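A short write-up of the structure that comes next.
The values are calculated or read from the model by the stated rules, or taken from the named source; none is laboratory data. Please read all numbers here as calculations on a predicted model, not as lab measurements. Cβ sites come from the backbone with ideal geometry, for glycine too, and all protein chains shown count toward neighbours. Note: areas computed on protein heavy atoms with side chains; ligands, DNA, RNA excluded. Shrake-Rupley method; radii C 1.70, N 1.55, O 1.52, S 1.80 Å.
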Amino acid sequence: MANTTKLYRFTTILMGIFLVALLLVHYAYPTKDSDIFFHLKSGDHYMHQKTLVMDHSIFSWTPAISYHPYCTWAADVLYYLLFQLGGWPLLFIFKYACLFGTMAAGWIIAQRTGVSSKFIIFFTLTILCLAISGAGWIKPEIISNVLLTLIGFIYFLAKLGQANT
């Protein structure tokens, strides 16, 4: 019985190491999309001009007029502030914090629902890690991923709370 417990603990640790390595390696690219420079410049514009309406003529030699806030203004300002505080390293730390937070939320929900099989949790988290690939870049999409995860996390916690009462 003791050997079975040790083997179970060893495989659980090994699966955890695999998931962490999967996240670190799968998302290790520097920047797949140069849009981050646009978002940093937009955040700079929003902060210094104290407006949410982008002046598109600063990016082009042709006149451009827009009277509407661009949909990524909050993320642009956040990225700009993070970049000013810590440069690229802080942006990458932020990216990995968002990704690990998503995985942690999935793990917590699996634990709270009483899933007893660590292999099912491991398989589900592996699929989750690969499914959030589109939101793994340093772009506003990662903020959407975090907010969607937070909404799902709160929803499942509320449903679990109702089931326990």
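Inclusion of Gly106 among residues that are outside any loop (DSSP other than H, G, I, E, B) and closer than 18 Å to Phe18 by Cα is warranted.
Looking only at residues of the stretch 99-117 that are touching a residue at least 40 places away in the same chain (Cβ under 8 Å) and of a type in the set (Ser, Thr, Tyr), we find that the one that is most open to solvent (accessible area, probe 1.4 Å) is Thr113. I'd like to know if the stretch 70-82 contains one or more residues that are modelled with pLDDT under 80 and either among the small types (Gly, Ala, Ser) or open to solvent by 60 Å² or more (accessible area, probe 1.4 Å) (or both). Taking every residue of the stretch 70-82 in turn, at least one turns out to be modelled with pLDDT under 80 and either among the small types (Gly, Ala, Ser) or open to solvent by 60 Å² or more (accessible area, probe 1.4 Å) (or both). The C-beta contact set for the stretch 69-85 (first residue part of a helix (DSSP H, G or I), second residue of a type in the set (Val, Ile, Thr), distance under 6 angstrom, 6+ apart or interchain) comprises Ala75/Ile143. Among the conditions (1) within 22 Å of Thr12 (Cβ to Cβ); (2) modelled with pLDDT of 90 or more, Ile109 misses just one, which is (2). The residue that is farthest from Val77 (Cα to Cα), among those in the stretch 123-160 that are of a type in the set (D, E, K, R) and open to solvent by 40 Å² or more (accessible area, probe 1.4 Å), is Lys159.
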